[in-house]
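The values are calculated or read from the model by the stated rules, or taken from the named source; none is laboratory data. Bear in mind the structure is a predicted one, so any value in this text is a computation, not a measurement. Cβ placement follows ideal geometry from the backbone for every residue including glycine, while neighbour counts extend to all protein chains displayed. Note: areas computed on protein heavy atoms with side chains; ligands, DNA, RNA excluded. Shrake-Rupley method; radii C 1.70, N 1.55, O 1.52, S 1.80 Å.
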Amino acid sequence: MLKKLQNENQLDRIIRFIAGLILGFVAYSYFSGITQTVLYVVAFIALFTSVTGFCLLYKIFGISTLKK
């Protein structure tokens, strides 16, 4: 069932995973307050979408990077 919901290819997922790790590190190391919280949320979303392979914004706009 989860495979049917996926709309990201492997490269897209790897890029999101790396971006999520970098954002989390930057938030932890260089920011505080509301900026840190926002960066943590964006990092979490990037990591979550990389693990699941599903992006809600892709779904809303009808985008899929998976090969048919």
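Worth a mention:
- Contact annotation: residue pairs with Cβ atoms under 8 Å, 6 or more positions apart or on different chains, pairing a residue in the stretch 39-68 that is of a type in the set (Ser, Thr, Tyr) with a partner that is surrounded by fewer than 13 Cβ atoms within 10 Å (Cβ to Cβ), are Ser50/Ile14; Thr52/Leu2; Thr52/Leu5; Thr65/Leu11.
- Members of the stretch 1-17 that are surrounded by 13 or more Cβ atoms within 10 Å (Cβ to Cβ) and in a helix (DSSP H, G or I): Asp12, Arg13, Ile15, Arg16, Phe17
- Count of residues meeting criterion [assigned to a helix (DSSP H, G or I) and in contact with a helix residue (DSSP H, G or I) (Cβ under 8 Å, 6 or more places away or on another chain)] in the stretch 23-34: 5
- Per-region count, the stretch 43-68, residues open to solvent by 70 Å² or more (accessible area, probe 1.4 Å) and part of a helix (DSSP H, G or I): 9
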